[in-house]
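Peer 1: Dumping the structure here so I can ask a few things about it.
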Number of protein chains: 2
Amino acid sequence: MLNTQDFRKHAHVMADWMADYFENVEHYPVMSQVKPGEIKSQLPGSFNESPEKFEEIFKDFEKIIMPGITHWESPNFFAYFPASKSKASVLAEMVTATLGVQGMVWLTSPAATELEDRMMEWMRDLLGLSAEWTGSIQDTASTGTFNALITAREKASGYQINQKGFAGMPQYRIYASEQAHSSIDKNVKIAGFGIDNLVKIPVDKNFAMIPEKLEVAVREDLAKGFHPLFVLGAMGTTGTTAVDPLDKIGQIAQTYNLWYHVDAAYSGAALIVPEFRWMSKGMEMADSMVFNPHKWLFTNFDCNLYYVKDPKALTQAYSITPEYLKTDTDTEVNNYRDWHIQLGRRFRALKLWFVLRSFGAEELRQIIRHHCEWADWLKEEIEQSTQFELLAPVPVNLVCFRYNDGKMSEEELNAFNEKLMKEINASGKIFMTHTKLNGKYTLRWVGGHPELTKGHVERAWALMKEMAAHLGR
Amino acid sequence: MLNTQDFRKHAHVMADWMADYFENVEHYPVMSQVKPGEIKSQLPGSFNESPEKFEEIFKDFEKIIMPGITHWESPNFFAYFPASKSKASVLAEMVTATLGVQGMVWLTSPAATELEDRMMEWMRDLLGLSAEWTGSIQDTASTGTFNALITAREKASGYQINQKGFAGMPQYRIYASEQAHSSIDKNVKIAGFGIDNLVKIPVDKNFAMIPEKLEVAVREDLAKGFHPLFVLGAMGTTGTTAVDPLDKIGQIAQTYNLWYHVDAAYSGAALIVPEFRWMSKGMEMADSMVFNPHKWLFTNFDCNLYYVKDPKALTQAYSITPEYLKTDTDTEVNNYRDWHIQLGRRFRALKLWFVLRSFGAEELRQIIRHHCEWADWLKEEIEQSTQFELLAPVPVNLVCFRYNDGKMSEEELNAFNEKLMKEINASGKIFMTHTKLNGKYTLRWVGGHPELTKGHVERAWALMKEMAAHLGR
């Protein structure tokens, strides 16, 4: 077992390793280049009886594990949605790991709960939400959206599903656009509604929900005797960051008494910049929303914010207070164990506090603005190119496009673009992922690293063109 | 924004702060002594526009936040179940935070998935489980148990609840002892069964499930036309670490075709020591089990192991593969996103690897043995005392007892023991929590810190006697 003296020594070695990593991360291949099984085969099949020196363990980490890491921390990581953290946030995680606080109830570390209360207020104001909203930090948007579904379910059933189960309950119906994140599908299954009761609403040419189609679907369901329960509006879909018309959806939600949940998991970060608040128009009609500072607000994963107007409905659905969790302050404080499935919870507010204070709001806004400007630049380059084709609007910093020189069939285009992406990723220089839009294999480029520069974007664009030429186009 | 040079400097300051904290943690009051609102009132109501120096932020952390921390890291923390981490595990968290890996699919960092595969094998072997078991790392036992419930639900319904919802399904029934952890209640509600369908089976004088009563309950439910679905066996309840008779429950589960889930969240750690494996007798009949290295195996929260024999039933229930998550290796590798509600996942296997290697199995066993020996010593002291009374058996390292000099009514005893605990906690010297057993206010003492010594246990016992005397007994 390491004693404190050993720990001090190794923690300093780690501190330098961490700083070196940040310094050198651009030199690693962004996407790990290993083959399936390559890492595992280097790890012994059984544990050791005797202690090993930390130096030995760390040597193995560098030799065996590091080649199997895809570098989410690289500014050349343009894949999925980024999980962009910042150095301030990593410093906070060092403290969090050391304290090992369990913030399940107020008493188990009052500061964890009260800093979280405050951070939820700061973030609410930063995002331009009204004081009606309250909330707590959760792990991911998937579980945040799950909370919303369960709350809606229990409110509508008068908490009778919690009590007796679904027997005798109406057939509830859930609505989301065809482009909504897969977590709504997963959650609808898990929460017991059945995926057949998730109604996917068609999208327009910009991949945003067509609200008239939502209303038609709700009316048809009512006519069939179903119970329309819940609608999800996406403020930034995962495929293309399309923005559903939140105001029109909100009006329909109010007319038909639907629980209205907004998924702003990714694009929510842009709401700190006033000129992007057109996206959230109508969000005030929502009952709940999720936003992930761990995606594009430079805060280490995991850090999801679940905002809700009526928290009692959530805590009443989840509350269980066995004797061993009762405390004297239960009526005076927030006990965040009742806000999600888990009981235990990490001290996540600390990293958000470090991030917000060390950047300050203005620098955060500036970075977000730059990312969007550069995405816009890339978009224009693509539009002006005779070889590449833009496939979706670019409301924030995700660009959806493909190679298309006008000389290939749709089938050939799909095959070529898949090959192009794989070659680009295999170069290790940048990492992108894909989606499919109207059957078209679509390259997704998203730049969200806090230290991204215009130069990174220019080099990425040059590489794409180069690679296409290299592949004989 | 901090640059790498600033980061390096502050990371070294942090390294010293962390080591100092470990050195001094015994001098802090274990339970935070602040009042509700005391921390929050010191935090400004709004964020700053301008960046602040890290030194300033950290000064506030020490001044405002630290007094609101309950020190889970103190060896004098004897409350709840410990969340005992180790220094090796904290070093791992430094690396994890720096890499910021998202292990949702293999491709997003092959090493995260493959190290996790291996760690699940190492831990399976360490716990004495057979090679039939496989699994993945999750956040908490609550969600692990939730997985089990959803899997059982979907297997029994032929995945029809996932597809169509509960309509037309039989009334499923879930069984657990009266002493099972509150997460089963919460999960039964959330999963849509209804808490009325959770049948609480009575316990014997040792707080372990009476298996004959389980069989009676199942038969009665069958007679009523219900569908008995799931039984939870606790290998270590939260109240008293009581051990349900896993073998007898297993036989009943097999006879009546119930999904059999074992909650070994806490006491599972003791299974690394062969002489404690009497507790897991019959676990081989189970379908799934949970165990938390973050409780008593010195690995930072969160780190829950969910083991299952048939993982396909789980991944089929949870699987959703939108285009943007498809990869070429999907058929060759584990994509752990399909093993829980969340999509994103931290690189948790690293800390387990650091812990297992830096301690080695033999030292881990030795520490667990010591904890149990010292709990046994405390138990004997209590049994020999004329002032204190043991209230439950001590299978591992949790001691349940109360002050009872034979001169008070039950009501007075409850009031006195509550007062005694609060005075002890208010001293800041040690921290204990309570439960109620057969209506008796019960003090719970549990010693699980890796650096716990017999001296800490002796001083805790001396303090309890002193405090009782101080309160006039």
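The values are calculated or read from the model by the stated rules, or taken from the named source; none is laboratory data. This structure is a prediction, so every number in the text was calculated from the model and none was measured. For neighbour counting, all protein chains shown are included, and Cβ atoms are generated from backbone atoms with ideal geometry for every residue, glycine included. Areas reflect the complete protein model, heavy atoms only, side chains present, ligands, DNA and RNA absent. Shrake-Rupley method; radii C 1.70, N 1.55, O 1.52, S 1.80 Å.
Peer 1: Just subtract the alpha-carbon distance of residue B:281 and residue B:24 from 0.36 nm times their residue separation and send over the number in nm, one decimal.
Peer 2: Result for the pair: 88.4 nm of gain on full extension.
Peer 1: Roughly how big is region A:361-470's charge dipole about its Cα centre, with Cβ charges of +1 (Lys, Arg) and -1 (Asp, Glu), in debye to the nearest 20?
Peer 2: Taking the Cα centre of region A:361-470 as origin, the dipole is about 240 debye.
Peer 1: With every protein chain in place, what's the accessible area of residue A:34 (1.4 Å probe, Å², nearest 10)?
Peer 2: Result for residue A:34: roughly 20 Å² accessible.
Peer 1: Evaluate peptide A:170-178: per residue, the Cβ atoms of other protein chains within 10 Å of its Cβ; return the mean as an integer.
Peer 2: 1
Peer 1: So for the protein assembly as shown: antiparallel DSSP bridges make up what percent, rounded to the nearest 5? Write out the running numbers ahead of the final one.
Peer 2: Details: 46 of 81 bridges.
Approximately 55 percent, going by the DSSP bridge assignments.
Peer 1: Here's a follow-up. Direction-averaged shadow area of the convex hull around the Cα atoms of region A:263-344, nm²?
Peer 2: With the hull built on Cα positions only, its mean projection is 6.9 nm².
Peer 1: I've got another one for you. Could you work out the pair-distance distribution P(r) of region B:361-470 from its alpha-carbon pairs, with 5 angstrom bin width and percents rounded to whole numbers?
Peer 2: Calculated over all Cα pairs of region B:361-470, the distribution is 2, 12, 23, 25, 19, 10, 5, 2, 1, 0 percent.
Peer 1: Follow-up. With Cβ to Cβ distances under 10 Å as the rule, what net charge do the other residues near residue B:186 carry (K, R +1; D, E -1)?
Peer 2: Once positives and negatives cancel, what remains is 0.
Peer 1: Please list the equivalent ellipsoid semi-axes of region A:112-225, computed as the square roots of five times the alpha-carbon gyration tensor eigenvalues, in descending order and whole angstrom.
Peer 2: Values: eigenvalues 159, 90, 34 Å².
So the equivalent ellipsoid measures 28, 21, 13 Å along its semi-axes.
Peer 1: Also: Would you mind getting the Kirkwood hydrodynamic radius of region B:413-473 from its Cα pairs, rounded to one decimal in Å?
Peer 2: Values: mean 1/r = 0.0813 Å⁻¹.
When all Cα pairs of region B:413-473 are included, the Kirkwood radius is 12.3 Å.
Peer 1: May I ask for the net charge around residue B:210, where only other residues with Cβ less than 12 Å from the Cβ of residue B:210 are counted and Lys, Arg are +1 while Asp, Glu are -1?
Peer 2: Residues close to residue B:210 contribute a combined charge of -1.
Peer 1: Restricting to DSSP loop positions (anything but H, G, I, E, B) with no more than 12 other Cβ atoms inside 10 Å of their own Cβ, which GluC sites (Glu not before Pro) remain in region A:13-111?
Peer 2: On the way: sites: A:23, A:26, A:38, A:49, A:52, A:55, A:56, A:62, A:73, A:93; in loops: A:38, A:49, A:52, A:73.
Here the sparse-neighbourhood loop sites are A:49.
Peer 1: Between residue A:331 and residue B:227, what FRET efficiency follows from the Cβ-Cβ distance if R0 is 35 Å, with the result rounded to 0.05?
Peer 2: 0.35
Peer 1: Okay, next question. Work out the FRET efficiency for residue B:436 and residue A:254 from their Cβ-Cβ distance, taking R0 = 51 Å, and round it to the nearest 0.05.
Peer 2: Efficiency at R0 = 51 Å is approximately 0.65.
Peer 1: Another question, if that's okay. Counting only DSSP beta bridges with both residues in chain B, tell me the antiparallel percent, nearest 5.
Peer 2: Rounded to the nearest five, the antiparallel share is 60 percent.
Peer 1: While we're on this one: Along the positive direction of the dipole of the protein assembly as shown (beta-carbon charges: Lys, Arg +1; Asp, Glu -1; about the Cα centre), which of B:223, B:333, B:387 reaches farthest?
Peer 2: Value computed over the given set: B:223.
Peer 1: Additional query: Can you list the distances in nanometres, one decimal and ascending, from the residue B:373 label point to the identical position in each other copy, with the point 7 Å along Cα to Cβ?
Peer 2: 6.7
Peer 1: Report, for residue A:439, each distance to the same residue's label point in the other copies, shortest first and in nm; define the point 7 Å along Cα→Cβ.
Peer 2: In nanometres, ordered from closest: 7.5.
Peer 1: Moving on to the next point. Cα atoms only, region A:94-359: Rg and Dmax in Å?
Peer 2: 18.4, 58
Peer 1: Provide the descending list of Cα extents for region B:215-285 along its principal axes, expressed in whole angstroms.
Peer 2: 43, 24, 15
Peer 1: Turning to a different aspect of this structure: What do you get for GluC sites (Glu not before Pro) in region B:346-409 restricted to DSSP loop and a cutoff of at most 10 other Cβ within 10 Å of the site's Cβ?
Peer 2: Loop-located and lightly packed - none at all.
Peer 1: Enter the mean number of other protein chain beta carbons within 10 Å of the beta carbon of each residue in A:68-81, as an integer. It would help to have the intermediate numbers written out before the result.
Peer 2: Numbers: counts 9, 8, 11, 4, 6, 4, 0, 0, 0, 1, 0, 4, 7, 3.
Across A:68-81, the average partner-chain Cβ count within 10 Å equals 4.
Peer 1: Taking the protein assembly as shown, how much of its Cα-Cα pair set, in percent, is spaced more than 45 angstrom apart?
Peer 2: When all Cα pairs of the protein assembly as shown are counted, 26 percent exceed 45 Å.
Peer 1: Moving on to the next point. How big is the dipole moment of region A:81-184 about its Cα centre under a simple scheme where the beta carbon of each Lys and Arg is +1, that of each Asp and Glu is -1, and everything else is neutral? Debye, nearest 20, please.
Peer 2: Magnitude of the dipole: close to 320 debye.
Peer 1: Moving on to the next point. Based on alpha-carbon positions alone, could you give the equivalent ellipsoid semi-axes of chain A from the gyration tensor, as √(5λ), descending, whole Å?
Peer 2: Details: eigenvalues 258, 225, 88 Å².
They are 36, 34, 21 Å, listed from largest to smallest.
Peer 1: Taking every residue in B:181-188, how many Cβ atoms of other protein chains lie within 10 Å of its Cβ, on average?
Peer 2: Mean number of neighbouring Cβ atoms from other chains: 5.
Peer 1: For the pair residue A:212 and residue A:386, how long in nm is the line joining their label points, each one 7 Å along Cα→Cβ?
Peer 2: 3.9 nm
Peer 1: What helices does chain B have that are whole DSSP H segments, at least 27 Å long along their own axis by Cα, and with mean Kyte-Doolittle hydropathy of -1.0 or more? Walk me through the numbers before you get to the answer.
Peer 2: On the way: long enough: B:4-24 (29 Å, -0.94); B:361-384 (35 Å, -1.06).
In chain B, the long hydrophobic H runs are B:4-24.
Peer 1: Something else: So for region B:1-149, what percent of the C-alpha to C-alpha distances run longer than 19 Å?
Peer 2: On the way: 7873 of 11026 pairs.
Everything past 19 Å amounts to 71 percent.
Peer 1: Return the loop-located chymotrypsin sites (Phe, Trp or Tyr not before Pro) in region A:178-253 (DSSP other than H, G, I, E, B) with at most 15 other Cβ atoms within 10 Å of their own Cβ; answer none if there are none. Don't skip to the answer; put the middle values down first.
Peer 2: On the way: sites: A:193, A:207, A:226, A:230; in loops: A:193, A:207, A:226.
The qualifying sites: there are none.
Peer 1: Using the C-alpha atoms of region B:188-322, what convex hull volume per residue, in cubic angstrom, is computed? Working shown, then result.
Peer 2: Numbers: hull volume 19.4 nm³, N = 135.
Taking the convex hull of the Cα positions in region B:188-322, it is 144 Å³ per residue.
Peer 1: Quick one: with label points 7 Å out along Cα→Cβ, list the inter-copy distances for residue B:454 in nm, shortest first?
Peer 2: Result, one decimal in nm: 7.2.
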